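Worksheet: one structure, shown below.
The values are calculated or read from the model by the stated rules, or taken from the named source; none is laboratory data. On a predicted model such as this, the values are computed, not experimentally measured, just so you know. Cβ placement follows ideal geometry from the backbone for every residue including glycine, while neighbour counts extend to all protein chains displayed.
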Amino acid sequence: MLEEYRITGRRASEIAASVERAVGSGDLEPGQLLPPMRELATDLGVNPNTVAAAYRTLRERGVIETAGRRGSRVRPRPASTPRNAIRVEAPPGVRDLGAGNPDTALLPPLDEALAVAARHHAEHPTLYGQGPLDAEFARLARASLDADGVPHGPLAATFGALDAIERVLAAHLRAGDAVAVEDPGWGSLLDLVSALGLKALPVGLDDDGPLPADVERALAAGARAVVVTDRAQNPTGAVLTAARAAELRSVLGRFPQVLVVEDDHGHAIVDQPLHPLAGATAHWAFVRSAAKAYGPDLRVAVLTGDTITVDRVLGRLGLGPGWVSTLLQRAVAHLWASGAVDARAVARAYGERRDALIGALARRGVPANGRSGMNVWVPVPDETGTVARLLHAGWAVAPGARFRMSASPGVRITVSSLTQADIEPIAAAVAAAIGPVPTRSYG
């Protein structure tokens, strides 16, 4: 079973350390079966409870996983960026529609906001021992959340949406726990779940958001958390509607201890109303990032949730970076207060490009999805061939493999840089590249 490697130790900590050393050196490989606890206890001359404690420690650290009577195995090494590596680099002369960036022409200038923040800092410098939130940032964030019907809860600032989601998941879950995630969904989130040693359970979706039956199935299968994108879902553009939110709240009400994490990264670039799930269960978190509307390099998001969740996030944040720069918080607060982004105009600009592309594809018999945000999802029968033919035609798109678990194949087209003159050429190229049109959209 273990061939040449022999686990050693008399105490639980020593046994766990022995296994970890072997995994780190490669003597124990991913997927390798460990001895049954009683068998190893006999070999080591220790109490079976000692081995059980060692295995429990290894599970909590994400080193091994246990599948009931099938025993305990060394976990696959968590991937850090495999999905981000599944991308197509646009060579010179090829238009890049796969990076997923916002239109820089729709982002506000930061000069004034940063200058205001610097002047405030000169008068009221942030020092060690002060609170982690800028008062104006907190006030404006709370007012915006209140206006959108997000339940009241304590606030925290994080380094973007993914940072918030990571901290929330780590505050409640342990390696080996299952998380229900959208499929297709945000590739970085799927990477994060794997890197945390968690198990992703796919949840299908349509234009109205996650499918209630799939969510219930995942929760019944043991998922301890579910992550939902409220608007501008990446990559499909789905929007959680009022009716779908009501269905999902009903499902979540039957699993009151499940952690619900909502990502509203589409705030200020969409014109559809928010229908939050926050409060449907005892533990919840709602995160709103400034990246898409105000600039990815700001690296600021506001997080709210139940008291236990936010307190745990703040406690862990305090042991690491301490706080998100109040200079950046103040700059974002100024952007919010000054109306630097006309959300309706931005939503209209992205919407016109999405609708034009979807319409041009439909005229060619190609179905596509994109109700909100800056992306259009196009189902294809052959991702690799489609991506290669589009690249040859002068267009780089994102392969659907970056976003899928068990969902049907597709490609993501980011419309941010498209002009009206681009619509017909890209639609014609897509239609020619995909060949026979699949009958399903996604999910």
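Count of the range 1-48 residues, restricted to those that are closer than 21 Å to Gly68 by Cα, surrounded by 16 or more Cβ atoms within 10 Å (Cβ to Cβ) and over 40 Å from the mean Cα position of the chain (by Cα), is 1. Of all positions in the range 290-301, none carries a residue that is assigned by TED's automatic domain parsing to the domain that holds Gly149, farther than 30 Å from Arg119 by Cα, more than 18 Å from the chain's Cα centre (by Cα) and modelled with pLDDT of 95 or more.
With the condition kept exactly as written, say whether any residue in the range 379-386 is acidic (Asp, Glu), in a helix (DSSP H, G or I) and under 18 Å from Asn101 (Cβ atoms). Scanning the range 379-386, I find no residue that is acidic (Asp, Glu), in a helix (DSSP H, G or I) and under 18 Å from Asn101 (Cβ atoms), so the answer is no.
Restricting attention to the range 352-378, the residues being at positive phi and either assigned by TED's automatic domain parsing to the domain that holds Glu182 or not in a loop (DSSP other than H, G, I, E, B) (or both) number 0. Specify the residue that is farthest from the chain's Cα centre (by Cα); the eligible residues are those in the range 335-378 that are within 27 Å of Ala429 (Cβ to Cβ) and among the polar types (S, T, N, Q). Residue satisfying both the conditions and the ranking: Asn369.
The rows are residues; the columns are (1) among the β-branched types (Val, Ile, Thr); (2) modelled with pLDDT of 95 or more; (3) touching a helix residue (DSSP H, G or I) at 6+ places or on another chain (Cβ under 9 Å); (4) crowded, with 21+ Cβ neighbours inside 10 Å.
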site: Ser338; (1), (2), (3), (4): no, yes, yes, no
site: Arg344; (1), (2), (3), (4): no, yes, no, no
site: Asp355; (1), (2), (3), (4): no, yes, no, no
site: Arg364; (1), (2), (3), (4): no, yes, yes, no
site: Thr384; (1), (2), (3), (4): yes, no, yes, no
site: Gly400; (1), (2), (3), (4): no, no, yes, yes
site: Gln420; (1), (2), (3), (4): no, yes, yes, no
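Please verify whether Val260 is part of a loop (DSSP other than H, G, I, E, B), in contact with a Ser or Thr (Cβ under 7 Å, 6 or more places away or on another chain), in the same structural domain as Asp306 (by TED's automatic domain parsing) and at pLDDT 95 or above, treating the condition exactly as stated. No. Condition (residue is touching a Pro at 6+ places or on another chain (Cβ under 8 Å) and modelled with pLDDT of 95 or more) applied to the range 123-143: is it met by at least one residue? No, the range 123-143 contains no residue that is touching a Pro at 6+ places or on another chain (Cβ under 8 Å) and modelled with pLDDT of 95 or more.
Scan the range 152-166 and tell me whether some residue there is more than 27 Å from Pro321 (Cβ to Cβ), of a type in the set (Gly, Ala, Ser), modelled with pLDDT of 95 or more and in contact with a Pro (Cβ under 9 Å, 6 or more places away or on another chain). Steps first, please.
Looking only at the range 152-166, we keep the residues that are more than 27 Å from Pro321 (Cβ to Cβ), and these are none.
The answer is no; no qualifying residue exists.
Hey, does the range 416-424 have a residue that's within 23 Å of Ala291 (Cβ to Cβ), of a type in the set (Ser, Thr, Tyr) and not assigned by TED's automatic domain parsing to the domain that holds Asp214?
Yes, because at least one residue in the range 416-424 is within 23 Å of Ala291 (Cβ to Cβ), of a type in the set (Ser, Thr, Tyr) and not assigned by TED's automatic domain parsing to the domain that holds Asp214.
The residue of the range 305-322 that is modelled with the highest pLDDT, among those that are under 13 Å from Arg167 (Cβ atoms) and not in a helix (DSSP H, G or I), is Gly305.
Pairs linking a residue in the range 219-239 that is at pLDDT below 95 to a residue that is crowded, with 24+ Cβ neighbours inside 10 Å, with Cβ atoms under 7 Å and 6 or more positions apart or on different chains, do not occur.
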